[in-house]
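So the structure is just underneath, and the comments pick up after that.
The values are calculated or read from the model by the stated rules, or taken from the named source; none is laboratory data. Computed from a prediction, not measured in an experiment: that's the story for all the values here. Positions of Cβ are generated from backbone atoms using ideal geometry, with glycine treated the same way; all protein chains shown enter the neighbour counts.
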Amino acid sequence: MAIQTTSEARKILTSRFGFSDFRPGQERVIEALLAGRSALAVFPTGAGKSLCYQLPASLLDGVTVVVSPLIALMKDQIDSLVRQGIDAARLDSSIGVDEARDVSGRLAEGSLKLLYVAPERFNNERFLGQLERTKISLFAVDEAHCISEWGHNFRPDYLKLAVRARELGAERVLALTATATPPVVSDICTAFGIVDADAVVTGFYRPNLTLLTTPVRASERDQLLIDRLRERPAGSTIVYVTLQRTALRVASLLAAAGLPARPYHAGMIPEDRVATQEWWTESASNIVVATIAFGMGIDKADVRYVYHLNLPKGLESYSQETGRAGRDGAPAICELYACHDDIPALENFAYGDTPTREALAGLLDDVFTNEDGVQFAVSEYELSGRFDMRPLVLKTALTYLELDGLLKQGTPFYAGYSLRPCTGSFEDCFALFDADRADFLRRLVASGKTGRVWTSLDPAAAAAELGEERSRIVAAVEYLEQRNLIELRVADARQRYTVLGRPGSRDELLGRLVERFVLRERSEAQRIQQVVALVAHSGCQVNELVAYFGERRDEPCGHCSYCLGGTAQQLPEPPVPPAFEAVVDGGVLAGLAALHPDALGAPRQRARFLCGITSPTTSRAKLTRGELFGSLADRHFVDVLAWCEQ
């Protein structure tokens, strides 16, 4: 069966996808999937990972669910599949109600072959219910390194995807990533039950990429970038920067210099992002100045230049971002401007997410007030504000408790529904049902609060008032939506948990949680230093880079800065900054802390504030508008923290 199907796969490769042969690793992965086994594909950026699920999706009976953190950037992939005759769609917050309803309908009737969703979508009880009624032939997880706690981009929602895949009865799983070190590969395989023989790692060496590292002072690099862009032949170009405001500034600078440049960052409205992406994709010479998410999901093979105006946050990011150049196999240049001034801003991303010991203690006390074995529900948004943790950090803390076997996450639900009739009035809807059902629906709507257009409904409160199960309330509302009788909006997400056991020692558990977060921030800070070390490496830098991912090369590459120049490089030391006391008025800071103890009471909170790192409480108190906020953003967080602790 597998041999016959693999032969059919080769026919489809040519007839539908237009390729004469598979790229390295693709056939091994597809063979495993068609034989019914799960697989891992670790391919360099641009090496054809997406074909590994797109091709099987057209052969397998059922839907292929593709999980990716950057669904909004996969428009090109989906448009291309539709042109090839494959029914593909995405479900995310950017699509309208009518489009979402259409996608859900195609999923229910079985016509949809490929569905792209974000990992957060699996926290949606309505979506999970729909998938439970769907035959999932393949469960593909893009950016699978996010599942590893020690990967460079750990996401708590990813950690639960393996469990979700099993609960939904997915017939096989495909994990995909461009950046996995050997320990991360092991984590992925363990989570998804992938045997070693079906973990396909093709290598990271790219002979057509010239990797240049250029030590430079911060004051010099803007002009150096302009000079490079002018002196080299025009070509499709990405300039990567760390901050949104840098993208705006540099794009304006390049445009003023007569260069075809536009900014791109996550803060732009979706229409502007799409317009910039298409403007760049359709040109052979345009320049986009972008934060690091740009390029994901974009199938553009002729990128000739990738510049890092700021240091990347780690070797994984550097490999992934440079990998967007030269996908057509033609020569391409990647140049990194290395400057010590970038390190504090990058470290702030790492250190800023670590919660205070007091916040973690409060969270533990809150969770374990619940009785063992009894399900309880929490608003992660409310907990985030109460304990001054960003939502992702809170999720991570709760995930750690799950990993320790103390909590079990249940199916999330929404505490708030808003509904309005699609045409006419609610009475027009009720008239379509028999007397008993119409009476139930009439009482259901009456239990809510009706405004000028929308009726707000709390399913739990409605169930209590009507003497019904909450599940019947939800089913009734969803049925009305499926029949296109009402438009439905959901809000106020609640997460169900059950306490499975209690810690032997609350203080011991607290210490373990604190240490886990501290280890994570140290790991992230170490990644930054590994980039600096690569710049100054005394030897072939390309060999050093691929060795980080477990690939050994004996011969020098001949196309990195060390091989081309013959000497190791050093970053210029930054100027000595003034003392903290010369920048921060200690009395003013103490006064603010006294006025806002929830936001600035702990030394780590004050350090975050001075380094320009927002938190739920500082944002709520509007402290980010004050002159002290970010006044030490150019300093190392550990130094600022030590000063705040004195």
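Annotations
- Residues of the range 71-81 that are at pLDDT 80 or above and touching a strand residue (DSSP E or B) at 6+ places or on another chain (Cβ under 6 Å): I78, L81.
- Of residues in the range 541-568 being of a type outside the set (F, W, Y), touching a Leu at 6+ places or on another chain (Cβ under 7 Å) and assigned to a helix (DSSP H, G or I), the one surrounded by the fewest Cβ atoms within 10 Å (Cβ to Cβ): E544
Conditions tested, residue by residue: (1) in contact with a Phe, Trp or Tyr (Cβ under 7 Å, 6 or more places away or on another chain); (2) within 19 Å of S471 (Cβ to Cβ); (3) of a type in the set (A, V, I, L, M, F, W, C).
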site	(1), (2), (3)
R101	no, no, no
R106	no, no, no
L112	no, no, yes
R121	yes, no, no
E125	yes, yes, no
Q130	no, yes, no
F139	no, no, yes
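- Under the condition of being surrounded by 15 or more Cβ atoms within 10 Å (Cβ to Cβ) and either within 22 Å of C422 (Cα to Cα) or of a type in the set (A, V, I, L, M, F, W, C) (or both), the residues counted in the range 462-479 number 9.
- Members of the range 171-193 found to be surrounded by fewer than 22 Cβ atoms within 10 Å (Cβ to Cβ) and either touching a Leu at 6+ places or on another chain (Cβ under 9 Å) or of a type outside the set (G, A, S) (or both), listed by number: E171, T181, P182, P183, D187, C189, T190, A191
- Residues of the range 260-286 that turn out to be of a type in the set (F, W, Y) and over 15 Å from L70 (Cα atoms), as a count: 2
- Selected residue (only one of L488, L441 is surrounded by 15 or more Cβ atoms within 10 Å (Cβ to Cβ) and in a helix (DSSP H, G or I)): L441
- Taking first residues from the range 383-397 that are in contact (Cβ under 8 Å) with a residue 24 or more places away in the chain and over 13 Å from F154 (Cβ atoms) and partners that are among the polar types (S, T, N, Q) and not in a helix (DSSP H, G or I), the Cβ contacts under 9 Å between residues at least 6 apart in sequence or on separate chains come to F387/T356; D388/T356; D388/S615; M389/T356; M389/S615; R390/T614; R390/S615.
- For L571: the one exception among (1) over 26 Å from P215 (Cβ atoms); (2) in a loop (DSSP other than H, G, I, E, B): (1)
- The residue pairs whose first member lies in the range 462-482 and is closer than 17 Å to T411 by Cβ, whose second member is in a helix (DSSP H, G or I) and of a type in the set (V, I, T), and whose beta carbons are closer than 7 Å, counting only pairs six or more residues apart or on different chains, are A463/I473.
- Selected residue (only one of G511, G566 is on the phi > 0 side of the Ramachandran plot and not β-branched (V, I, T)): G566
Results for (1) within 19 Å of D353 (Cα to Cα); (2) in contact with a Leu (Cβ under 6 Å, 6 or more places away or on another chain); (3) surrounded by 18 or more Cβ atoms within 10 Å (Cβ to Cβ), shown as yes or no for each residue.
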site	(1), (2), (3)
G501	no, yes, no
G504	no, no, no
E508	no, no, no
G511	yes, no, no
V518	yes, no, no
S523	yes, no, no
I528	yes, yes, yes
V535	no, no, yes
G539	no, no, no
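- Pick from the range 248-266, criterion under 20 Å from the mean Cα position of the chain (by Cα) and surrounded by 15 or more Cβ atoms within 10 Å (Cβ to Cβ), ranking: nearest to G612 (Cα to Cα): H265
- Any hit, the range 96-117, residues being free of Cβ contacts under 8 Å to residues at least 40 places away in the same chain and under 19 Å from the mean Cα position of the chain (by Cα): no
- Subset of the range 90-117 [within 20 Å of E171 (Cα to Cα) and aliphatic (A, V, I, L, M)]: L107, A108, L112, L114, L115, V117
- Out of G550, G558, sole residue that is over 30 Å from R604 (Cβ atoms), in the same structural domain as P331 (by TED's automatic domain parsing) and at pLDDT below 95: G550
- When H340 is tested against (1) closer than 28 Å to L509 by Cβ; (2) surrounded by fewer than 20 Cβ atoms within 10 Å (Cβ to Cβ); (3) not hydrophobic (A, V, I, L, M, F, W, C), exactly one condition is not met: (1).
- When restricted to residues that are part of a helix (DSSP H, G or I) and in contact (Cβ under 8 Å) with a residue 12 or more places away in the chain, the range 578-604 contains 11.
- Residue within the range 621-641 that is in contact (Cβ under 8 Å) with a residue 24 or more places away in the chain and among the aromatic types (F, W, Y) present: yes
- Of D328, D388, all but one fail to be assigned to a loop (DSSP other than H, G, I, E, B), more than 21 Å from the chain's Cα centre (by Cα) and on the phi > 0 side of the Ramachandran plot; the exception is D388.
Results for (1) assigned to a strand (DSSP E or B); (2) without any contact (Cβ under 8 Å) to a residue 12 or more places away in the chain, shown as yes or no for each residue.
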site	(1), (2)
R249	no, yes
R262	yes, no
A266	no, no
E278	no, yes
V289	yes, no
P312	no, no
S319	no, no
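- Residue satisfying all of: in the range 82-136; of a type in the set (G, A, S) and touching a helix residue (DSSP H, G or I) at 6+ places or on another chain (Cβ under 6 Å); surrounded by the fewest Cβ atoms within 10 Å (Cβ to Cβ) among these: S94
- Flag not set for A359, criterion: of a type outside the set (S, T, Y), more than 15 Å from P616 (Cα to Cα) and surrounded by 19 or more Cβ atoms within 10 Å (Cβ to Cβ).
- Qualifying residue in the range 5-26 (condition: in a helix (DSSP H, G or I), buried (at least 24 other Cβ atoms within 10 Å of the Cβ) and modelled with pLDDT of 85 or more): no
- Condition check for R494: outside any loop (DSSP other than H, G, I, E, B), at pLDDT below 90, crowded, with 18+ Cβ neighbours inside 10 Å and among the basic types (K, R): yes
- Selection status of D222, surrounded by fewer than 19 Cβ atoms within 10 Å (Cβ to Cβ) and either outside any helix (DSSP H, G or I) or in contact (Cβ under 8 Å) with a residue 24 or more places away in the chain (or both): yes
- Tabulated pairs, the range 121-134, first at pLDDT below 80, second surrounded by fewer than 15 Cβ atoms within 10 Å (Cβ to Cβ), C-beta under 6 angstrom, 6+ apart or interchain: E125/T411
- Residue within the range 267-286 that is closer than 21 Å to I333 by Cβ and within 17 Å of the chain's Cα centre (by Cα) present: no
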